[in-house]
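S.K.: Dropping the structure in here first, questions after.
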Amino acid sequence: MLSAEQNAFLTQVGPGTPAGELLRRYWHPVAVADDLSEARTKRVRVLGEDLVLYRTDEGTYALVQEACAHRRVSLYYGFVEGCAIRCPYHGWLYDQDGQCLEQPFEQDNRRARERVRIPAYPVQEYRGLLFAYLGPGEPPVLPRWDVLERTDGQLTLYVEEDLQCNWLQPMENAVDTVHTYWLHGHTMHLKGIDKGKYYYRPIEKYGFELFEWGIIKRRVYRDVGTGDVEEETGHPLVFPNILRLPEGPRQALHWRVPVDDTRTMLFRAGLLPSKDGSTVDGPPAVERVPREVDVNGDHAMTTFSSQDRMAWETQGEVYDRTLENLGAEDKGIAMYRRLLREQIQRVQAGEDPMALIRDPERAVVNFEVSKGQARAEYVG
């Protein structure tokens, strides 16, 4: 159980909030390049900030405050000129760093113009995902995650409909080892769906381990029919807001990116290895995943995604942790909350939090996620 103040400390993500300042130290996916294949601009709300993402004439990307500094008109409707964007109302022009370059119909006052700057953030395209850094100072190196870096299979990017709740709810689920039996295994069993069979086994033991990139959860299953014991190690929570896991033969990354305090963007990347190890050329496939509901508008409960979404959203827009009653099964959640508090305090002390890369020669991060092993290593 947390106090209301402790809950706010971990859940609020706007500028100047403790968790918001921590999250701003990392690169986050905010869109897919496919979003701007035809349109030149896209509204993006992330970490409580209303921004406009645009594709420059050079094929790069920029992210600036949506509101023009003049009279707050939306730059979403603006005109992209080279690497700059012009306000559609009075023509004020901003470069990709947010600096005002032109003020038509004003006196040519360079000093006055140079004083006008809107927030702007760096963007990098990586394997079809557009990552943004909203923090201060020199950005860390964008990690070259193994699922995205590999070319020996078909990469698919899944863009889910925004989750209608706070980001911490899906992240605490990432270190909840036993929910899979009831939420996935039992639910699928009752519905006659085969996909949950793996999780519909007694869990004899479970545990958690801190490691360089976050928390690894471990489970020991016993097969009801044979009595065989299987130890599963893997599914690491990659700090602060990523889940790395196998989905059958597919290797996957899940990002949970706060829109604001009550909504969360969900991006997934899945790499299905080719059977012969051959290279798959071309851009990744993109799939848009709508909210899955039944004829009554309720959560469909027929897929892992709809079952998880039910659990997270029915906790409320911001889960009131003053009312909870944690048990032994929630050890991983308590561990993650402590880790989150510790890393927030590092940022408040002017230090880098964990899981940042500053050396570009060590940018590739490989996770070996399999039975018995889950580790990360740098590859230069």
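S.K.: Could you please let me know if A62 is in contact (Cβ under 8 Å) with a residue 60 or more places away in the chain, open to solvent by less than 10 Å² (accessible area, probe 1.4 Å) and out of contact with any helix residue (DSSP H, G or I) (no Cβ under 6 Å at 6 or more places or on another chain)?
M.R.: In short, yes.
S.K.: Residue pairs, Cβ under 8 Å, 6 or more apart or interchain, first in segment 330-345 and over 13 Å from L22 (Cβ atoms), second open to solvent by 70 Å² or more (accessible area, probe 1.4 Å) and part of a helix (DSSP H, G or I). List them.
M.R.: Pairs that qualify, where the first residue is over 13 Å from L22 (Cβ atoms) and the partner is open to solvent by 70 Å² or more (accessible area, probe 1.4 Å) and part of a helix (DSSP H, G or I): there are none.
S.K.: Related question: Please determine whether any residue of segment 284-296 is touching a residue at least 60 places away in the same chain (Cβ under 8 Å), under 29 Å from L148 (Cβ atoms), part of a loop (DSSP other than H, G, I, E, B) and open to solvent by 50 Å² or more (accessible area, probe 1.4 Å).
M.R.: yes
S.K.: Additional query: Looking only at segment 249-272, how many residues end up being open to solvent by 40 Å² or more (accessible area, probe 1.4 Å) and either at pLDDT below 95 or touching a Pro at 6+ places or on another chain (Cβ under 7 Å) (or both)?
M.R.: Residues meeting the conditions: 3.
S.K.: Same structure, new question: If you scan segment 310-349, which residues turn out to be assigned to a helix (DSSP H, G or I) and hydrophobic (A, V, I, L, M, F, W, C)?
M.R.: Answer for segment 310-349, where residues must be assigned to a helix (DSSP H, G or I) and hydrophobic (A, V, I, L, M, F, W, C): M310, A311, W312, A328, I333, A334, M335, L339, L340, I344, V347.
S.K.: How many residues does segment 77-101 contain that are open to solvent by 80 Å² or more (accessible area, probe 1.4 Å) and either in contact (Cβ under 8 Å) with a residue 24 or more places away in the chain or in a strand (DSSP E or B) (or both)?
M.R.: 2
S.K.: Oh, and also: Select, from L210, L237, the only residue that is surrounded by fewer than 17 Cβ atoms within 10 Å (Cβ to Cβ), closer than 21 Å to A328 by Cα and under 23 Å from the mean Cα position of the chain (by Cα).
M.R.: Going through L210, L237 in turn, the sole match is L210.
S.K.: Out of all the residues in segment 102-134, which are assigned to a loop (DSSP other than H, G, I, E, B) and either closer than 22 Å to S37 by Cα or out of contact with any strand residue (DSSP E or B) (no Cβ under 9 Å at 6 or more places or on another chain) (or both)?
M.R.: F105, E106, Q107, D108, N109, P122, R127, G128
S.K.: While we're looking at this one, here's another question. Do we have any residue at all in segment 176-195 that's of a type in the set (V, I, T), modelled with pLDDT under 95, within 25 Å of the chain's Cα centre (by Cα) and within 30 Å of I357 (Cα to Cα)?
M.R.: yes
The values are calculated or read from the model by the stated rules, or taken from the named source; none is laboratory data. Just so it is clear, the structure is predicted and the values come from calculations on it, not from any experiment. With ideal geometry, Cβ positions are generated from the backbone for all residues, glycine too; neighbour counts draw on all protein chains shown. Heads up: the accessible areas ignore ligands, DNA and RNA and are worked out on the full protein's heavy atoms, side chains in. Shrake-Rupley method; radii C 1.70, N 1.55, O 1.52, S 1.80 Å.
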